[in-house]
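As structure tokens, the structure follows; a few thoughts come after it.
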Amino acid sequence: MSEEGLRTFCAALPKIELHAHLNTSFSKVTLQALVDRKIQLDPTFTSQKMTFDGNETAGIEESFSKFRQIHMVCNDAHAIYTLTHDIIHEFAADNVKYLELRSTPKTIPETGLTPEVYLECMLRAVRDCEEGGVDTVVRILPSIDRRNGVDVAYKTVDLAYKYAQSSNGVVCGIDFSGDPLVGDAADYVPVFQYAHSKGLKLALHLAEIASFEETHKVLQGTTVGRIGHGTFLHQCPEDYKDITQCVLQQRIPIETCMTSNLKSQTVSDYSSHHLEYWHNRQHPVIICTDGKGVYQTTVTEEYVHAARAFGLTRLKLWQLSLQSIDHIFADEATKQTLRRKWESIKPSFDFKDR
Ligand code: 6MZ
């Protein structure tokens, strides 16, 4: 398949994005505008580089250092609204027809941000995009940051539940994320059970690093909706072999973020990415970006990388995007609408690999 033909095909493909963190999914244009504004408000502010450009890679700690920088810039209602609004438009331009955007609702007294204000900014941007005719269905997952402890986590679940009721289902689940080197995911199992009892779906970052003990406990104690990254799920030592079995048997979908994993050095190259292990076993995987701004990628690029690394045909790529619909957190009616959209677009596609 020619590089150009493949890229054109992947760009035109209708796509689903299920793993995108708000503060790491900026475009360079939006980020620059927010940095300029920050400097206007605080002339002493100096910004550092917040992206991995080209083939740059660094250990996962460097990603979290960049995230801290970004959070200094995106720390008020204007920034949260602008990020959400622009990111939705950018995914729409990449033919993403359904987007789940996740973010940690923050308390920042200096700028008046509370978790409620934070979520309302995101919801207002979602509404404005919808009213402006953007052809992308958007859902929001408030994130639990594992660095912030269990008490904050319970509050995030209560907040998500409150907004799930009042937002007509735009808020529909919870993300669990944060620095995998900090804290113990197993401490949050009661929080996950609580969220599940409230009808909230759970997308959990698990086994992003080789943390088998906590991964095992979480899988034993939780109804997991989807797993983020899951980089080490298939590489368990003998004592933890049932982790892999459990994921396979329960068919827990895996959100794969290839470029992010490469750039944060948890995977060495595209062709050794774990997407292949799961895909070869007909296990559900969803191709995602993680942070299209920090890692300088797009959903289209991620499909191109997957096709190149694993020799996926155009028809396979189509099936991957279509099957992703099965794993969205929105309701059955939304799934049906999306499937009909895929069906109606399909005749305009040429599936010959050349
Ligand atoms: C774990 C990650 C992440 O919530 O401020 N986040 N957590 N692993 C990753 N892989 C590299 N990438 C992002 O977006 C930024 C936050 O998302 C989580 C971290 O908690 C980060 O602070 P929001 O919008």
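Volume per residue, Å³, of the convex hull around the alpha-carbon atoms of the range 39-105?
On the way: hull volume 9.3 nm³, N = 67.
In the range 39-105, the Cα convex hull volume per residue is 139 Å³.
First obtain the Kirkwood hydrodynamic radius of the range 209-327 from its Cα pairs, then insert it into the Stokes-Einstein equation at 10 °C and 1.306 mPa s, and state the resulting D in µm² per second as a whole number. Don't jump to the answer; show the numbers that get you there.
Numbers: Rh = 14.7 Å.
Taking Rh from Cα pairs, D becomes 108 µm²/s.
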For this session: Can you work out the accessible area per residue across the chain, with the rest of the protein chains kept in place, probe 1.4 Å, in square angstrom?
Result: 41
For this session: Would you mind checking the radius of gyration and Dmax of the range 3-343 based on alpha-carbon positions, in Å?
Result: 18.8, 56
Problem set entry | Whole-percent carbon and sulfur share, accessible surface of the chain, 1.4 Å | 51
Problem set entry | Computed helical MRE - 222 nm, the chain, DSSP H runs ≥ 4 contributing -39500 (n - 2.57), nearest 500 | -14500 deg cm²/dmol
Problem set entry | Approximate spin-label separation Arg124-Gln193, in nm, with each point projected 7 Å along Cα-to-Cβ | 3.9
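The values are calculated or read from the model by the stated rules, or taken from the named source; none is laboratory data. Everything quoted here is computed from the prediction, not taken from an experiment. Backbone-built Cβ (ideal geometry, glycine too); neighbour counts: all protein chains shown. Only protein heavy atoms, including side chains, enter the accessible area calculation; ligands, DNA and RNA are left aside. Shrake-Rupley method; radii C 1.70, N 1.55, O 1.52, S 1.80 Å.
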